[in-house]
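The values are calculated or read from the model by the stated rules, or taken from the named source; none is laboratory data. Every value quoted in this text rests on a predicted model; they were computed, and no experiment measured them. Cβ placement follows ideal geometry from the backbone for every residue including glycine, while neighbour counts extend to all protein chains displayed.
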Amino acid sequence: MSAFSSSPRPLRFRALSLALATGVLSGCTMIPKYKRPAPPLATTWPAYQNTGNPKLQQAAYDIGWNDFFTDPRLKALIAIAIRENRDLRVAAANIAEAQGQYDVQHAGLFPTISASGGPMYQAPSDAAGLSFAPGLGSESSEKSGMSLARDPFRYYQGGIGFSSYEIDLFGRIRSLTRESAEKALSEQANLRGMLISIVSQVATAYVTWLGDKETLAVADNTLTTQQETLNLTREKYNHGEANLLTVRQAETQVQQSAALRADSRRKVAQDENLITLLIGAPIPANLPPPQPLGQQTILADLPAGVPSDLLTRRPDIVGAEHDLLAAQADIGAARAAFFPRLTLTANDGISSLQFHQLFTSAATTWGLNPQLQIPLWTWGMNSGNLKASKARRDGKIASYEKTVQSAFREVADALAAREAYLDEKKQVDDLVTSSADAFRLAKMRYDAGTDSYLTTLDSQRSYLQAQQVQIMVAVSNYQNLITIYRALGGGWKEHTLPPKSPVPVARQPVSQTG
C-alpha cells in the first residue's frame, strides 16, 4: 500500500466515497401510487353454498395435486407431464430470461468498476511543434540538435474506476428495475398457471379415457350377450319356434353393439394419443393399473371460499396484476426522463512517463468527472413516452379487470354445474337400476313365451343407453370437480401445505390513480 500512498489520498477517497454513496442512497422514484382496481365481483358465489368436505382444512389453492388425486396411474402420468411437457419447459425458460433481464437492469444501480492499465508509445512528427525537453530525449539527439519528434513519447498508467455511472436521483433506473422485477414475477405466475393447466388437462383426458374404456367394456359385454341371444334365436328359428323377424331384430342389435364397440375402441386410442401429447412422452408400460372411474379422488366437493380469494390465488389474475405493476413502474421511468441526469466518471490509479517510477508515491493519481445533463427541448419525445406509458397502464387495468371477471365466471359456471351434475348423477343411477330390472323382466317374459322379442329388444336398448348416459355423467361429474380445482387455483404444487391461519383479507380495492 505504501507504493500507492500520497498526501491527497484522504481527499481522493472522500470524493470517490461520496460519489458512490450518492448513487446508492438515491432511492426516490416517481412511480404512481398503486391501488388495486375494484373488480365488479359479488360477495358470494351464485347458486352455490356448499362448503365442501367438512374435514378438509385447506382451500383448493393449498391442496397439492398428489393429495387431491388418489389414482396411482393418474399421479404417475401427471409427474411425467410435469417433467417432460414442452410448454412447461418454454415457460421455465421465459422465467430464466426475465430473471436475467432483471439482473441486467438492476446492475445499472451500481457503477461498473473495472481495472485497466498499459503503456502508450507515440512518435510525434517533425511538424508537431514539439521542442526538445531536457531529460526526455537521448543525449545524441540533444548534441545533434534533432527535435524530440524522432524520440517516441512513452506513458505508463494503470488504475481502477468507473465511467458514465448515472446517479439515480429521480428513480429512472429504479423504476426500470422494478418493471423488470414485475415482469419476472408475471412470468413466474404464468408458469404456475401453466402447471395448473397441465395437471388439469392430464386429469381431464385421463377421466375421459376411463369413461371410454368403461363404454368399451359395456359394448363388449352387451355384444357378447346379444351374440348368445342371436345364436339361440337362430336355433329356435331352425326348429320353427321363432320367426325370421325376430332373427333380424336380434341381428340388428348385434350389429349396433359391434358398431358401438368399434367407436369406443377409436375413442380409447385417441384418448391415449392425447395423453401422450400432454405428458410429452410415450405412456410407459409399467404404470400402475387404473382405478375404476369415480375413484380418482377421495373428495366429493371443494370449499369454494369467497370470490375475493381469486385475486391472490389465481395465477392468471396474479400475473395480470404484475403486468399492471410493471406498467406503473414504466410510468415512473417516463416521468423521471423530464428531470436532469447526473453521471459520474471516477478513477484511482498510477501514471508515469517512466516505467521505473510507476510504482512510487509520486505516481499516484485520481480523477472525478461529474456531468449534468438537463433536457431542454426534446420536441415531445419525453411527453410522448409518458403518454404512451399511461395508455399502456390503462390497457393493463382493463386486462386485469377482464381477467378477474373471466375467472369469476369460470368458477361460478363450474360451481353451478356441480349442483346439476350431482343431481343428474342420482337420477341416472336410478335410471340404470330401473332399466336393468325392466330388461331382466322382459327377457324372462320372452323366455317364458308370454311376450314378443320386440319388448326385450326395446328394454335391452334402453338399458344400454342408460349405461352410456351413466358413464357420460360420471365422466362429466369428475371432470367438473377437476375444473373447480383448477379454477380455484389448485394444482400448482405437489403436496398439500399444512393447515394455517385464515388467508388475510385482500387489500381494499379502489380505483387506479396516477
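Which one is modelled with the lowest pLDDT, of the residues in region 402-411 that are of a type outside the set (S, T, N, Q) and surrounded by fewer than 18 Cβ atoms within 10 Å (Cβ to Cβ)?
The qualifying residue modelled with the lowest pLDDT is R409.
Go through region 224-251 and count every residue that is free of Cβ contacts under 8 Å to residues at least 40 places away in the same chain and in contact with a Leu (Cβ under 8 Å, 6 or more places away or on another chain).
Selection size over region 224-251: 3.
Among the residues of region 94-152 satisfying the criterion of being over 30 Å from I167 (Cα atoms), touching a helix residue (DSSP H, G or I) at 6+ places or on another chain (Cβ under 8 Å) and among the polar types (S, T, N, Q), which is modelled with the highest pLDDT?
Top of the filtered list is N94.
Being in contact with a Gly (Cβ under 6 Å, 6 or more places away or on another chain) and modelled with pLDDT of 90 or more is true for just one of A189, A181. Which residue is that?
A189
Among the residues of region 87-128, which ones are loosely packed, with under 11 Cβ neighbours inside 10 Å, over 25 Å from T365 (Cα atoms) and either of a type in the set (S, T, Y) or touching a His at 6+ places or on another chain (Cβ under 6 Å) (or both)?
S125 - this is the single residue of region 87-128 that is loosely packed, with under 11 Cβ neighbours inside 10 Å, over 25 Å from T365 (Cα atoms) and either of a type in the set (S, T, Y) or touching a His at 6+ places or on another chain (Cβ under 6 Å) (or both).
Only one of these conditions is not met by Q295: (1) of a type in the set (S, T, N, Q); (2) under 19 Å from Y485 (Cα atoms); (3) part of a helix (DSSP H, G or I). Which number is it?
(3)
List pairs: first residue in region 439-454 and under 13 Å from T246 (Cβ atoms) and assigned by TED's automatic domain parsing to the domain that holds A242, second residue in a loop (DSSP other than H, G, I, E, B) and of a type in the set (A, V, I, L, M, F, W, C) anywhere in the structure, Cβ distance under 8 angstrom, at least six positions apart or on different chains.
Short answer, once both residue conditions are applied: Y453/A242.
Check N221 against each of (1) crowded, with 20+ Cβ neighbours inside 10 Å; (2) modelled with pLDDT of 85 or more and name the one condition it does not meet.
Answer for N221: the failing condition is (1).
Write out, first by first residue and then by second, each pair whose Cβ atoms fall under 8 Å of each other, whose residues are 6+ apart or on separate chains, and whose first residue, in region 346-358, is modelled with pLDDT under 85 while the second is among the charged types (D, E, K, R) and surrounded by 13 or more Cβ atoms within 10 Å (Cβ to Cβ).
Filtered contacts from region 346-358: L353/R154; Q354/R154; F355/R154.
Considering only residues that are outside any strand (DSSP E or B) and either in contact with a strand residue (DSSP E or B) (Cβ under 7 Å, 6 or more places away or on another chain) or under 30 Å from G118 (Cα atoms) (or both), which ones fall in region 317-353?
Answer for region 317-353, where residues must be outside any strand (DSSP E or B) and either in contact with a strand residue (DSSP E or B) (Cβ under 7 Å, 6 or more places away or on another chain) or under 30 Å from G118 (Cα atoms) (or both): P340, L353.
Evaluate the following for I298: is it surrounded by fewer than 20 Cβ atoms within 10 Å (Cβ to Cβ) and at pLDDT below 90?
Yes.
Please find, among A436, A417, the residue that is under 27 Å from V247 (Cα atoms), touching a residue at least 24 places away in the same chain (Cβ under 8 Å) and surrounded by 14 or more Cβ atoms within 10 Å (Cβ to Cβ).
Of A436, A417, the one residue that is under 27 Å from V247 (Cα atoms), touching a residue at least 24 places away in the same chain (Cβ under 8 Å) and surrounded by 14 or more Cβ atoms within 10 Å (Cβ to Cβ) is A436.
Quick test of your reading of the structure: G305 fulfils all but one of (1) small (G, A, S); (2) under 30 Å from S399 (Cβ atoms); (3) at pLDDT 90 or above. Name the failing condition by number.
Against the list (1) small (G, A, S); (2) under 30 Å from S399 (Cβ atoms); (3) at pLDDT 90 or above, G305 comes up short only on (3).
Could you tell me how many of the residues in region 237-250 are assigned to a helix (DSSP H, G or I) and surrounded by 15 or more Cβ atoms within 10 Å (Cβ to Cβ)?
Counting residues in region 237-250 that are assigned to a helix (DSSP H, G or I) and surrounded by 15 or more Cβ atoms within 10 Å (Cβ to Cβ) gives 5.
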